[in-house]
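All of the numbers you see were taken from the coordinates with simple rules; none came from a lab. Keep in mind the model is a prediction, meaning the values are calculated, not measured. Here the Cβ positions follow ideal geometry from the backbone for every residue, glycine too, while neighbour counts run over all protein chains shown.
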Amino acid sequence: MFFPGRLRWQCLLGVVAAGLLVAESGCQSAEKESRKPTIGSQTMCQAPVPVAAAAPPDSLQPVALAPLPGLSAEVRQQVAELYQALGSEAQELRLPVLERACVGYLTLRHAGRIRRPAVLAVADMDLPSTKKRLWVLDLNKKRVLQHSYVAHGRGSGYVRARRFSNRIKSACTALGFYRTADTYDGKHGLSRRLHGLDPGQNSNALDRYVVLHGADYAGQAYLAKHQQLGYSRGCPALPPEQYRAVIKAVGEGACLFLSGPGLESKWLDGGVAAQQLAARGWQ
């Protein structure tokens, strides 16, 4: 008469063991999934964390930028007029980004750190790589010379760059103001050297070989196939169908501004920018 009770006990043990096996296989599956390059996901088997600390789903929306503090009404008005005059081709160039780019340009001109007048290249690296996020502007004529895709470094993120670094071998994009230098023919063809002008943020540009160059992974064909651009090793890489035109439009001795979250620069000096604008305009 012990057999039925013993059978029931064995059945119960079997159910518990099956439950443990399912739980274990779920953790293994989650662990394997966590090795995939996903964005904003958490491993199911990690230690519990507060709900507020959980990473939100990846967003392609850029970080909101407040107007630059300490800027005179005259400078704001001139930048606003420039923004309006640039028209639809600069529709996705955010006004606070343009404002920072113009202030940096004026401050650098005042300091004699850039030589080419009235040419300003702006890349909003907080926009996703699926958008044309590089503009080369003629400030005097208030028009867009070039509007292009530009790739970020593979260490910076996926569709949208999240991390930025000046460190050698980081493979990250480095934010800040650059002075364009000479051109040369390298493994990517025509390329233009860049001097980083923000100590600690992009000052290793020459040592890292951060240059403007063309790349297949930065073009429209790659975007159509993969729904995003590929990645550089930190260079602002340009489309193969447009890189020569962009490199020529920027020229040597001009200002290039790579904008992104958390950027701080000594060149964002509203007072000096106002002096330069009053004395020389955009020259």
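Among residues other than residue 262 with Cβ under 11 Å from its Cβ, the summed charge is 0 (Lys and Arg +1, Asp and Glu -1).
Could you please state, rounded to a whole Å, how far the C-alpha centre of region 220-283 is from the C-alpha centre of region 142-212? Cα centres, region 220-283 to region 142-212: 9 Å.
Measuring how big region 160-199 is from its alpha-carbon positions, Rg and Dmax come out at 12.0, 31 Å. Over region 232-283, the alpha carbon radius of gyration divided by the compact-protein estimate 2.2 N^0.38 Å works out to 1.53. Residues in region 268-276 carry Karplus couplings, in order, of 8, 10, x, x, 5, 4, 5, 4, 5 Hz; the curve used is 6.51 cos²θ - 1.76 cosθ + 1.60 with θ = phi - 60°, and Gly or Pro positions show x.
Neighbours of residue 68 by Cβ distance under 9 Å: Lys/Arg scored +1, Asp/Glu scored -1, total +1.
Other residues with beta-carbon under 13 Å from the beta-carbon of residue 166 carry, at +1 per Lys or Arg and -1 per Asp or Glu, a net charge of +1. Globularity index of region 137-283 is 1.06 (Cα radius of gyration / 2.2 N^0.38 Å, N = number of residues).
In order along region 151-157, the Karplus-derived 3J(HN,Hα) couplings, from 6.51 cos²θ - 1.76 cosθ + 1.60 at θ = phi - 60°, round to 8, 9, x, 5, x, 8, x Hz, and Gly and Pro are given as x.
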